[in-house]
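> Take a look at the following structure, please.
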Amino acid sequence: MLEISNLRVTHGPIEAVHGIDISVPAGTCVALLGANGAGKTSTLSAITGTAKSTGTIRLEGEDISALPVEARVKRGIALSPEGRRVFYNLSVRENLVMGAAIRKDKAAIAEEVDHWFTRFPILGERRDQPAGTLSGGEQQMLAIARALMSRPRILLLDEPSLGLAPQIVERIFEMIRELRSQGVTILLVEQNATAAIGLSDHVYVLNNGLVSSQGRAADYGNGAELMDQITGVHG
Ligand code: ATP
């Protein structure tokens with residue numbers, strides 16, 4: 001589905017990613033793990049077209065690396081950004097409808113919005129309230145649902161567990177697991193290696209802008225060792 005080769009990402013004079021290869025086969029969940037500043041968000045920004053990059057990014061075989069952001073969204077790339085970034089002053093419903101901005105099938109959009117209200121009754125109960133009044137976990141659910149409203153071919157998730165209590169992280173990961181079992185292709189950026197490995201097919205570890213390790217998720221056990229490396233805990 002997504003093939004990235006020799007990707008370098010720069011922010012002005014700073015090169016954050018130094019030439020990486022990542023492959024996300026259709027229908028799989030691939031985890032991109034690493035510590036703060038490893039280059040995970042920079043990689044996602046290059047895929048969405050919001051950061052300057054060189055190398056090749058192919059979506060279903062098509063080189064999209066020179067396309068502007070909106071054209072990439074139209075081709076099926078959706079991002080649930082780090083820190084959720086829901087529209088605080090818009091209602092829950094309006095946030096979901098915004099996610100479908102590239103679509104014109106109004107009736108189907110309304111049905112899908114209702115689907116999310118049924119799937120997550122808490123969002124349904126608060127459909128007319130500003131999204132800023134939701135808890136962090138609820139905002140995360142909304143951010144993922146909003147991204148899916150564009151009917152993407154691939155869903156990019158940037159640290160969905162960030163700042164959430166362990167119980168809430170479990171619920172968010174349950175949602176991601178369910179999406180994966182429905183065949184949604186996912187690139188999951190996380191620092192929480194143990195949680196991410198539990199639902200991923202393949203793992204890449206980013207370290208200072210380079211892939212330091214990669215392999216089948218099953219080969220990383222429960223991810224505890226990797227988690228220690230990422231968080232800098234030893235012993
Ligand atoms: P985090 O978990 O903190 O988001 P990350 O793995 O996503 O970490 P990036 O945000 O991609 O890492 O950052 C990689 C490197 O690029 C860091 O050294 C960071 O300081 C730098 N960087 C990221 N964004 C910018 C920017 N807009 N301008 C300058 N430097 C940046």
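The values are calculated or read from the model by the stated rules, or taken from the named source; none is laboratory data. Everything numeric in this text was worked out from a predicted model, so none of it was measured. Cβ atoms come from the backbone with ideal geometry, glycine included; neighbour counts cover every protein chain shown. When the accessible area is computed, the model is the full protein with side chains, heavy atoms only, and any ligands, DNA or RNA have been set aside. Shrake-Rupley method; radii C 1.70, N 1.55, O 1.52, S 1.80 Å.
> At a probe size of 1.4 Å, how large is the accessible area of H202, to the nearest 10 Å²?
50
> With θ set to phi - 60°, apply the Karplus curve 6.51 cos²θ - 1.76 cosθ + 1.60 along segment 4-21 and write out the HN-Hα couplings as whole Hz, x wherever there is a Gly or Pro.
Each residue's phi maps through the Karplus curve to give 10, 10, 6, 7, 10, 10, 10, 10, x, x, 9, 8, 8, 10, 10, x, 10, 10 Hz.
> What list of ³J(HN,Hα) values in whole Hz, one per residue of segment 64-77 in order, does the Karplus curve 6.51 cos²θ - 1.76 cosθ + 1.60 (θ = phi - 60°) give from phi, with Gly and Pro shown as x?
9, 5, 9, 7, x, 3, 5, 5, 5, 4, 5, 7, x, 9
> Something else now. Provide the solvent-accessible area of S212, counting protein heavy atoms only and rolling a 1.4 Å probe, rounded to the nearest 10 Å².
Counting only protein heavy atoms, S212 exposes about 70 Å² to solvent.
> For K52, which lysines qualify as cross-link partners when the Cα separation must be under 23 Å and same-chain residues fewer than eight apart are set aside?
Counting by Cα, and skipping residues close in sequence, K52 has these lysines nearby: K40, K74.
> Roughly what percent of Cα-Cα pairs across segment 179-235 reach past 13 Å?
Above the 13 Å cut-off, segment 179-235 has 61 percent of its Cα pairs.
> Show the residues, 5+ positions off or on another chain, whose built amide H is closer than 5 Å to the amide H of E82.
D158
> Still on this structure, please answer the following. What are the ³J(HN,Hα) values, in whole Hz, obtained from phi via the Karplus relation 6.51 cos²θ - 1.76 cosθ + 1.60 with θ = phi - 60°, for each residue of segment 84-95 in sequence order, with x given for Gly and Pro?
Once θ is set to phi - 60°, the couplings for segment 84-95 become 6, 6, 6, 7, 4, 8, 8, 6, 4, 4, 4, 4 Hz.
> Something else now. Over the chain, what is the percentage of antiparallel beta bridges among all DSSP beta bridges, to the nearest 5?
Bridges in the chain that DSSP calls antiparallel: roughly 55 percent.
> Nearest 10 degrees, 0 to 90: what angle lies between the long axis of helix 136-148 and the longest principal axis of the chain (Cα atoms)?
Roughly 90 degrees between the two axes.
> Hey, another quick one. For K40, K52, write out the residues from largest to smallest accessible area, computed with a 1.4 angstrom probe and no ligands counted.
So the residues, ranked largest to smallest area, are K52, K40.
> May I ask you to rank K74, K106 by accessible area, largest first, using a 1.4 Å probe over the protein chains only?
Descending order: K106, K74.
> May I pose another question? So what's the angle, to the nearest 10 degrees on a 0 to 90 scale, between helix 166-181 and the longest Cα principal axis of the chain?
The two axes meet at around 90 degrees.
> Counting Lys +1, Arg +1, Asp -1, Glu -1, what net charge surrounds L2 among other residues with beta carbon under 14 Å of its beta carbon?
Net local charge, L2 excluded: -2.
> Taking H placed 1.01 Å from N in the peptide plane, check which residues at least 5 places from T185 or on another chain put their amide H under 5 Å from its amide H.
G27, L155
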